[in-house]
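Structure record follows, encoded as structure tokens.
The values are calculated or read from the model by the stated rules, or taken from the named source; none is laboratory data. No experiment lies behind these values; they were computed from the predicted model shown. Here Cβ is always computed from backbone atoms with ideal geometry, including for glycine, and neighbour counts include all displayed protein chains. Side chains included, ligands, DNA and RNA excluded: accessible areas come from the protein's heavy atoms. Shrake-Rupley method; radii C 1.70, N 1.55, O 1.52, S 1.80 Å.
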Amino acid sequence: KQWYQRRVRGGNKIGMPHTVPCKVTGKCGSVLVRLVPAPRGTGLVSAPVPKKLLNMAGFEDCYTCATGQTATLGNFAKATFAAIAATYAYLTPDMWSPTVFTNSPYQEYTDYLAKPFVKQPKKEVKY
């Protein structure tokens, strides 16, 4: 099964992506893991289990915050994985599709609208 993660540059477009795009959370059981973007050079500020997962996912700088029964390592790892997977759901402006603007109806039909209006005579209907 394939999973996705996104990294961002952290406020500017200089250098390669290194951190999470925004604050994201993942939950499994009672464990809630929150990933917070960190400035370049901070490293992975985390417990050993999330640090290994974040390192394998390619993040270089990230703060983490965990609550719940983190001694349950399976749930701790799954919550971290869910938080990493949540980074792909965040839509940043660099992922927006290009906007194609169309003319408004007034611009498109200016020639027709510029013609003078001639009122048509009513036709009588005989029954």
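Table for the structure above
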| quantity | calculated |
| --- | --- |
| Of residues in the stretch 54-106 being more than 22 Å from residue 32 (Cα to Cα) and within 15 Å of the chain's Cα centre (by Cα), the one modelled with the highest pLDDT | 97 |
| Test for residue 42: is it over 18 Å from the mean Cα position of the chain (by Cα), among the β-branched types (Val, Ile, Thr) and modelled with pLDDT under 95 | yes |
| Any hit, the stretch 94-101, residues being of a type in the set (Asp, Glu), touching a residue at least 24 places away in the same chain (Cβ under 8 Å) and either assigned to a helix (DSSP H, G or I) or open to solvent by less than 100 Å² (accessible area, probe 1.4 Å) (or both) | no |
| Residues of the stretch 36-57 that turn out to be part of a strand (DSSP E or B) and in contact with a Ser or Thr (Cβ under 6 Å, 6 or more places away or on another chain), as a count | 1 |
| Filtered residues of the stretch 29-87 (kept if charged (D, E, K, R) and open to solvent by less than 40 Å² (accessible area, probe 1.4 Å)) | 61 |
